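These notes concern the structure reproduced below.
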Amino acid sequence: MIIALIVAAGRGERLGAGRPKAFVEVAGRPMFQWSVDAMSGVDGMDRIVLALPPGTRAPVGVIAVDGGAARSDSVRRALAAVEPEGPGDVVVVHDAARPLVTGELIEAVLGVLAGDPSLDAAIAAVPVADTVKRVAPAPSPPDAGRADRGSEGAGIVVETLDRAGLWAVQTPQVFRRPALERALDAPAEVLAQATDDAWLLERLGGRVAVVAGPAENLKVTTELDLELAELLLTRREQP
Ligand code: CTP
Ligand code: MG
């Protein structure tokens, strides 16, 4: 059985749209609907579960659950909504904040997991294009908060990471269900720290394959991302 879990229960604070991010309209549909539609189009998809902010209305055709305080709580609650069928069950976890996901990408990630029995998971990612540095935050000066702080830097460089071999990870992330269940069975403070589910599995020594995804599968975090997503989805919809 293949199950899709779409997590859409975040508040969208960085976007600041005044309502949950997943309900913001993008190219004529609520943001989460793009992901639901992409999952529905995948061959062999048996169930789609959507984790939503409590008190919001669920769309038809999906199993809706209330999300939790942290992203991994939402994943856990969504997974709990579907009884396991057998050890071969596969779970696709996806952020509703990535409305540009396609059926093609989901199938590619599923295909990599299905093709290698030694794998516990397969995740979409893109090679990092920018040079990445680790920066120590600048200590707050005694006059912090004064209006003339504009010339201060954000911090001091500690090291420059070797860009070769660095990948920025996306969703979809596809797991063998027993491996995902083990990964999610972590202490609350570890779950709260997790920004993706694959990390929870890596901690336990799980084997996770990376599948090159399109850069277009961006995550809507800020207003700029929303504008880009709107442009790209509008273009995709044109005949
Ligand atoms: N998410 C969730 N439950 C939470 C937190 C996040 O289901 N408690 C989901 C979001 O809805 C989103 C995905 O996880 O689809 C990635 O999270 P993020 O981009 O950080 O979204 P938000 O938490 O909504 O945004 P922000 O951090 O700016 O508030
Ligand atoms: Mg968040």
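The values are calculated or read from the model by the stated rules, or taken from the named source; none is laboratory data. All values reported here derive from a predicted model rather than from experimental measurement. Methodologically, a virtual Cβ is constructed for each residue, glycine included, from the backbone with ideal geometry; neighbour enumeration extends over all protein chains shown. Remember, those area values only see protein heavy atoms, side chains included, never the ligands or the DNA or RNA. Shrake-Rupley method; radii C 1.70, N 1.55, O 1.52, S 1.80 Å.
A few comments on the model shown:
- Annotation: THR171 carries an accessible surface of approximately 0 Å², with a 1.4 Å probe and no ligand, DNA or RNA atoms counted.
- Shape of region 34-82, Cα gyration tensor, a/c cut at 1.5: prolate
- Average Cα contact separation per residue, region 120-239, under 8 Å, 6 or more apart, as relative contact order %: 36 percent
- Residues whose placed amide H lies under 5 Å from that of LEU5, excluding near-sequence neighbours: VAL49, VAL92, VAL93, HIS94
- Bridge orientation summary for the chain: considering DSSP beta bridges with both residues in this region, about 45 percent are antiparallel.
- Prolate/oblate/rounded label for region 1-104 (Cα gyration tensor, a/c 1.5): oblate
- Along its principal axes, region 57-206 has C-alpha extents of 60, 39, 31 angstrom, given from the largest down.
- The GNM of the chain, with springs linking C-alpha atoms under 10 angstrom apart, assigns the highest mean-square fluctuation among GLY16, GLY103, GLY68 to GLY16.
- Estimated 222 nm signal from helices in the chain, with DSSP H stretches of n ≥ 4 weighted -39500 (n - 2.57), rounded to 500: -8000 deg cm²/dmol
- Neighbour net charge for VAL42 - beta-carbon separation under 12 angstrom, K R +1, D E -1: -4
- For ILE106, solvent-accessible area (1.4 Å; no DNA, RNA or ligand), Å²: 0 Å²
- Accessible solvent surface per residue of the chain, calculated while the other protein chains remain in place, 1.4 angstrom probe, Å²: 52 Å²
- Its Cα centre serving as origin, the chain has a Cβ charge dipole (Lys and Arg +1, Asp and Glu -1) of approximately 340 debye.
- Close amide H partners of ARG207, meaning residues 5 or more places away or on another chain with modelled amide H under 5 Å apart, are ASP120, ALA121.
- The Rg/Rh ratio for region 178-239 is 1.16, where Rg is the radius of gyration of the alpha carbons and Rh is the Kirkwood radius.
- Heavy-atom accessible surface of ASP66, to the nearest 10 Å², is about 80 Å², with a 1.4 Å probe and all protein chains retained.
- Percent accessible area from carbon and sulfur atoms, the chain, protein chains only, probe 1.4 Å: 52 percent
- A DSSP coil position with no more than 15 other Cβ atoms inside 10 Å describes the following GluC sites (Glu not before Pro) in region 1-102: GLU13, GLU85.
- Taking amide H positions as modeled 1.01 Å from N, with prolines and chain starts lacking one, the residues under 5 Å from ALA168 and 5 or more places away or on another chain are VAL126, VAL128.
- Most simply put, region 1-131 has about 10% antiparallel DSSP beta bridges, counting only bridges with both residues inside it.
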